[in-house]
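Please read the structure below before turning to the comments.
The values are calculated or read from the model by the stated rules, or taken from the named source; none is laboratory data. Keep in mind that this is a model prediction, so the values were computed, not measured. Don't worry about glycine lacking a Cβ; one is built from the backbone with ideal geometry, like all the others, and counts go over all protein chains shown. Protein only, heavy atoms only, side chains kept; ligands, DNA and RNA dropped before computing areas. Shrake-Rupley method; radii C 1.70, N 1.55, O 1.52, S 1.80 Å.
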Amino acid sequence: MAEALESVIDRFVREVEEETGAGLEAIVLYGSASSQAFVPGRSDLNFLIVLARVEMAVLDGFQKRMKAWRRKRIAAPLVVDRAFLLSSTDSYPLEILGMMASYRLLRGSDPFDGLVLKREEVRLQAEREARVKGLLLRSIRIESGGNERELRGALAASVTAMDAILHGILFLTGAHWKELGDAFRKRGAEAAGIDPSIQLEAAALRRGERRPSHLETVRLYDRMLGAFDALSARLDEIGK
C-alpha cells in the first residue's frame, strides 16, 4: 500500500481510539483498500468497528469527524458490538462474506474468528438479492425512459450486488472466495454459469475506464439484467 494511504489509515485508527477508549474491541479495514483491487482516488476506505457497547455518545463523536473522514474517502464505518455480529450470520451472510473476502485487523481481536456461515442461509440471501436486483433493473429500465445516465448509474450500482452474489456462489460451490477484483469476478461468473464479460465491463464502467455509447450501454444493461435472472435460477437449482 502507498505510504499516504497508510498514513490515512493510521490517523483514522488513532481518532477512533480517542472516541471509544476502553470500549474498543476491534478495528478492521475491509474491502479493496485491504487488497490489490484498491484504486487510489476512486476506491473508498471501509472500516468495521466493534465495541463492547454501542453508545450514542460514540456515534456523536464519529459524526463530528465524518466530514474530515469523507475528504479522505473514508466511508461511514460500520459500528457494531460483537453480539450483533454473531447474531447476524443468518440474516446478513453475504455482507459478512464480503468483509471476510479481504480484510486487515488493525486493532483488537479478530471479530470474524469463530463465525460460522451456513450454506443454506448464504444461498437464500444470494437468491433473494439476485431476484430483487433483477426486478429493480426491470423497473429502472421502464422508468428511465432510456436515459443513458440513469442506466449507467444502475449498472455501476449493480457491480456491488453482483460481487456479493458471486462471493456466495463461490462459497456454495466450495471454490476459493477470499478475493476481490476482476480475477475474482471472472472466476465467480464462470462458477455461476454467466458471461464474465458482463461484470467485467460494468466494473470498468464504474471505475471510469470505459465510456460506452448509448447503444452499448443499453445492451450491457440488458445483459446485466439477464445475468441476475440467470443467477436466480442457478441459486434456486443449488437449493434443490
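Take the solvent-accessible surface of the protein heavy atoms, probe 1.4 Å, and return the percent of it on region 1-63 that carbon and sulfur atoms account for. If you can, show how the numbers build up before the last one.
On the way: 1480 of 3250 Å².
Taking all protein chains in place, region 1-63 shows 46 percent carbon and sulfur surface.
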Between region 42-85 and region 133-199, what is the C-alpha centre distance in whole Å?
-> 27 Å
For Glu25, enumerate residues with amide H under 5 Å from its amide H, sequence gap 5+ or separate chain, H modeled in the peptide plane.
-> Val50, Leu51, Ala52
Determine how large the accessible area of Phe228 is when every protein chain is in place; take a 1.4 Å probe and give Å² rounded to the nearest 10.
-> 0 Å²
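Of all DSSP beta bridges located in region 1-131, what percent are antiparallel, nearest 5? Walk me through the numbers before you get to the answer.
Working: 11 of 16 bridges.
DSSP beta bridges in region 1-131 are roughly 70 percent antiparallel.
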Evaluate the distance, in nm, between pseudo-label points positioned 7 Å from the Cα of Arg107 and of Lys240 along their respective Cα→Cβ axes.
-> 5.1 nm
Qualifying lysines (Cα of each under 18 Å from Cα of Lys64; at least 8 residues distant if same chain) | Lys72
Compute the length gained on full extension between Arg211 and Arg73: take 0.36 nm times their separation in residues and subtract their Cα-Cα distance, giving the result in nm to one decimal.
-> 47.3 nm
Accessible solvent surface per residue of the chain, calculated while the other protein chains remain in place, 1.4 angstrom probe, Å² = 51 Å²
Just in region 66-157: which trypsin sites (Lys or Arg not before Pro) are loop by DSSP and have at most 13 other Cβ atoms within 10 Å?
-> Lys118
How large is ³J(HN,Hα) for each residue in region 96-110, as worked out from phi by the Karplus curve 6.51 cos²θ - 1.76 cosθ + 1.60 (θ = phi - 60°), to whole Hz, x for Gly and Pro?
-> 5, 4, x, 5, 6, 4, 7, 8, 10, 7, 9, 8, x, 9, 5
Relative to the chain, whose Cα atoms define the longest principal axis, helix 196-206 and its Cα axis are tilted in degrees, nearest 10, by 60 degrees
How big is the charge dipole of region 1-128 about its Cα centre, in debye rounded to the nearest 20, if each Lys and Arg gets +1 on its Cβ and each Asp and Glu gets -1 on its Cβ?
-> 480 debye
Inter-label distance, nm, simple model (7 Å from Cα along the C-beta direction), Glu55/Ala175 = 4.7 nm
When DSSP assigns beta bridges and you keep just the ones with both residues in the chain, what percent turn out antiparallel, to the nearest 5?
-> 70 percent
Between Glu120 and Arg11, what is the FRET efficiency for a Förster distance of 25 Å, r being their Cβ-Cβ separation, to the nearest 0.05?
-> 0.05
Specify the residue with the greatest mean-square fluctuation among Ser102, Ser32, Ser197, computed from a Gaussian network of the chain linking alpha-carbon atoms under 10 Å apart.
-> Ser197
Going by alpha carbons, how many degrees (0 to 90, nearest 10) lie between the helix axis of 56-71 and the longest principal axis of the chain?
-> 60 degrees
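If you roll a 1.4 Å probe over region 111-240 with all protein chains in place, what percent of the accessible area is carbon or sulfur?
On the way: 3270 of 6330 Å².
Answer for region 111-240 is 52 percent, counting heavy atoms of protein chains only.
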Beta bridges per DSSP with both ends in region 25-82, % antiparallel, nearest 5 | 50 percent
What is the distance, in nm, between label points placed 7 Å from the Cα along the Cα-to-Cβ direction at Arg219 and at Glu148?
-> 1.5 nm
